[in-house]
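Shown next, in structure tokens, is the structure this report addresses.
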Amino acid sequence: MTIVIISIAISGVVGAFSLIAARSADPLNQTRAIALSQLYFDEILSRKYEQNTPDGGVPREEGCSIGPEIGESDREDFNDVDDYDGLDESPPLDADGNPVDPAYQNFRVQVAVACAGDNVGLPADDAKRITITVTDPSDNEYVFAGYRGNF
């Protein structure tokens, strides 16, 4: 009787440990996903709002267009926020086109940009929503969004 009770208890404990062990990488992957999204946000938000916006943003360029202009097919040519729309990189690269730290090799980063001023109480053409989706090696997706205003 004692052996049966102990074996039932041990099987429950082993089951709990296997569940915990399977999830042990999740916090690390979540932290890395946040770091990757911040890396991409820093780069994207440092760019101009529109192609013809002068340095400093004044005078403001009216309108909201999405997508790279002719001749801006390579990331090093991206000079405004919407050029990043449709970017899909695996493994992730830095702004110079170099692979990010080897720890991120099995991650994937996707970027979408949309005119979305009305989401933040502005005219639709006055802000762009940047959505960055990071997929970790376990196929968990982390979605981050930020806005770049036309100011």
Student exercise, region 55-151 dipole from Lys, Arg, Asp, Glu Cβ charges, in Debye to nearest 20: 400
Listed residues Tyr49, Val100, Ala33: farthest to the positive end of the dipole of the chain (Cβ charges): Ala33
Taking only Cα atoms of the chain, radius of gyration then Dmax in Å: 22.0, 84
Whole-Å semi-axes of region 99-145's equivalent ellipsoid (Cα gyration tensor): 30, 10, 6
Of the trypsin sites (Lys or Arg not before Pro) in region 49-151, those whose Cβ has at most 15 other Cβ within 10 Å and which sit in DSSP loop: Arg60
Residue-span extension gain [Arg60 to Ile3] - 0.36 nm each, minus C-alpha spacing: 12.7 nm
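Any read-out appearing in this document is the output of simple, stated calculations on the displayed coordinates, not a laboratory observation. Note that the coordinates shown come from a computational prediction; the quantities given were computed from them, not determined experimentally. Positions of Cβ are generated from backbone atoms using ideal geometry, with glycine treated the same way; all protein chains shown enter the neighbour counts.
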